[in-house]
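Enquirer: To start, I am sharing the structure in question, which I have written as structure tokens.
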Amino acid sequence: MTTHASPRPWHVPALLGWLALCFVAAGIGAVASTNAPQFYGQLVQPRWAPPPTVFGPVWSVLYLLMAVAAWLVGREWPGPGRRRALALFGVQLAANALWSWLFFAWHLGGWAFADIVLLWLLLAATVVHFWRLRPLAGALLLPYLAWVGFALVLNLVLWRANPQLLGG
């Protein structure tokens, strides 16, 4: 575990860069989700499924937490651990953006489920790597990991309950 942050100051531009990266990924997913409320409303849903209005605020907070976590890790001393952690972060962010396209734009429930399983695994690995470098950074990703776990179960239930809309 790295115990010392790099000697750079708070580096507001770096934080802004991580925020921009995370919200660009959010925007890519949002483009695929333009008709998400209508499509989501057509699906046979379990009683515990959240209403469409919950997703935007939750994801906004999660993307903010992701950016701060990545920024904290980016401030650690350069080395293979930091590179690996940030590479995992980038790959999970891409898997995150892809999910919205698979589920909402292309209505591929099975592929979306495979993607979200991969996303959860990549994210769990990212949490471990972030935690080793900066425990606060790992902790900031825990709500995201929990939400993706919830979304994984919801994706599976929706896919199985809606084969006509999400593929068999």
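The values are calculated or read from the model by the stated rules, or taken from the named source; none is laboratory data. These figures come from a predicted structure and were not determined experimentally. Don't worry about glycine lacking a Cβ; one is built from the backbone with ideal geometry, like all the others, and counts go over all protein chains shown.
Enquirer: Could you say whether any residue in region 106-115 is over 30 Å from GLY41 (Cβ atoms), surrounded by 16 or more Cβ atoms within 10 Å (Cβ to Cβ) and not charged (D, E, K, R)? Explain how you work it out, then say what you get.
Expert: Within region 106-115, the first condition is being over 30 Å from GLY41 (Cβ atoms), and the residues that meet it are none.
No - not one qualifying residue is present in region 106-115.
Enquirer: Follow-up question, since we're still on this one. Every residue in region 49-74 that is outside any helix (DSSP H, G or I) and either touching a residue at least 40 places away in the same chain (Cβ under 8 Å) or surrounded by 12 or more Cβ atoms within 10 Å (Cβ to Cβ) (or both), please.
Expert: To start, the set of residues in region 49-74 that are outside any helix (DSSP H, G or I) comprises 49-51.
Once the filter is applied, which keeps residues that are outside any helix (DSSP H, G or I) and either touching a residue at least 40 places away in the same chain (Cβ under 8 Å) or surrounded by 12 or more Cβ atoms within 10 Å (Cβ to Cβ) (or both), region 49-74 yields ALA49, PRO50.
Enquirer: For region 38-60, check the following and say yes or no: at least one residue is among the aromatic types (Phe, Trp, Tyr), more than 21 Å from LEU152 (Cα to Cα) and modelled with pLDDT of 95 or more.
Expert: First pass over region 38-60, keeping only residues among the aromatic types (Phe, Trp, Tyr): 39-40, 48, 55, 59.
Narrowing further to those that are more than 21 Å from LEU152 (Cα to Cα): none.
Within region 38-60, not a single residue is among the aromatic types (Phe, Trp, Tyr), more than 21 Å from LEU152 (Cα to Cα) and modelled with pLDDT of 95 or more.
Enquirer: Now for a separate question. What are the residue pairs meeting all of these: first residue in region 121-140, first residue crowded, with 21+ Cβ neighbours inside 10 Å, second residue among the acidic types (Asp, Glu) and outside any helix (DSSP H, G or I), Cβ atoms under 8 Å, and 6 or more apart or on different chains?
Expert: Qualifying pairs under 8 Å: LEU133/GLU76; ARG134/GLU76.
Enquirer: Select from region 39-48 the residues that are over 15 Å from PHE150 (Cα atoms) and part of a loop (DSSP other than H, G, I, E, B) and list them in ascending order.
Expert: Answer for region 39-48, where residues must be over 15 Å from PHE150 (Cα atoms) and part of a loop (DSSP other than H, G, I, E, B): LEU43, VAL44.
Enquirer: Are any of the residues in region 57-66 within 18 Å of LEU140 (Cα to Cα) and polar (S, T, N, Q)? Steps first, answer last, please.
Expert: Let us first name the residues in region 57-66 that are within 18 Å of LEU140 (Cα to Cα), namely 57-66.
Right, trim to polar (S, T, N, Q) and you get 60.
Yes, region 57-66 contains a residue that is within 18 Å of LEU140 (Cα to Cα) and polar (S, T, N, Q).
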